[in-house]
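Here's the structure we're looking at; comments come further down.
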Amino acid sequence: MSLCKQNFASASEEAINYQISQELQASQVYLSLASWADSSNQGFPGLQQFFKKSAEEEREHAQKLIEYQNRRGGRVVLQTLQAPEMDWNSPQNAIEATLQLEKDVNKSLLNLHKVADESNDSQLTDFIASVYLPEQVDGIKKIADLLTQLNRVGGDGLGLYLWDQELLKQYS
């Protein structure tokens, strides 16, 4: 047992390890999306940049959780990731998939918060509530806005091109 471990339940430790895997899985999905958007068959540089930055953010989230786990005296146990889908069919399909992905990650974070609360671990509940949950809500809103905009401009043609160019300006 770690010398610094105090008021840190094994259920919290396991839930953090699960959340680390969720963040790394999301990062891998975003990398797949970025690769798809950047392929010569798609050619969406703005979407590629958005997905690339999203992958980096998810990896950073996992790293923060790893550091937190170690700081609290827990043991990091990395889990096997699933290979992500490689063909997303359309920008709309890709954005819809990311919206669901972010909602799933948010659900997992809410579960982690619940586990911490049930363990009377105010340190962990505060960490999740202050660092992760607000950012997750903002991220879901941002992706929902992208989907709304994409639906407004249509699935192909000049509107799609201009939408992608606007993303390129924002995320380059």
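When the stretch 139-172 is filtered for residues that are closer than 14 Å to residue 90 by Cα, touching a residue at least 60 places away in the same chain (Cβ under 8 Å) and not in a helix (DSSP H, G or I), only 155 remains. Just for the stretch 36-50: of the residues that are assigned to a helix (DSSP H, G or I) and touching a residue at least 40 places away in the same chain (Cβ under 8 Å), which one is nearest to residue 5 (Cα to Cα)? Within the stretch 36-50, the match that is nearest to residue 5 (Cα to Cα) is 50.
From the list 2, 27, 10, the lone residue that is within 13 Å of the chain's Cα centre (by Cα) and among the polar types (S, T, N, Q) is 27. If you check residue 69 against the conditions, is it under 22 Å from residue 4 (Cβ atoms), surrounded by 13 or more Cβ atoms within 10 Å (Cβ to Cβ) and touching a residue at least 12 places away in the same chain (Cβ under 8 Å)? So residue 69 passes the test.
Taking the criterion of being charged (D, E, K, R), part of a helix (DSSP H, G or I) and either closer than 30 Å to residue 2 by Cβ or modelled with pLDDT of 95 or more (or both), would at least one residue in the stretch 73-90 satisfy it? Checking the stretch 73-90: not a single residue is charged (D, E, K, R), part of a helix (DSSP H, G or I) and either closer than 30 Å to residue 2 by Cβ or modelled with pLDDT of 95 or more (or both). Within the bounds of the stretch 85-92, is there any residue that is more than 30 Å from residue 157 (Cβ to Cβ), surrounded by 22 or more Cβ atoms within 10 Å (Cβ to Cβ) and either more than 17 Å from the chain's Cα centre (by Cα) or in contact (Cβ under 8 Å) with a residue 40 or more places away in the chain (or both)? No, the stretch 85-92 has no match at all.
For residue 104, the stated conditions do not hold, so it cannot be described as touching a Ser or Thr at 6+ places or on another chain (Cβ under 6 Å), at pLDDT 95 or above and surrounded by fewer than 18 Cβ atoms within 10 Å (Cβ to Cβ). Residues of the stretch 111-138 that are more than 12 Å from the chain's Cα centre (by Cα), without any contact (Cβ under 8 Å) to a residue 40 or more places away in the chain and surrounded by 13 or more Cβ atoms within 10 Å (Cβ to Cβ): 113, 114, 117, 125, 128, 129.
The values are calculated or read from the model by the stated rules, or taken from the named source; none is laboratory data. Remember, it's a predicted structure, so these values are computed and weren't measured experimentally. Virtual Cβ from ideal backbone geometry, glycine too; neighbours counted across all protein chains shown.
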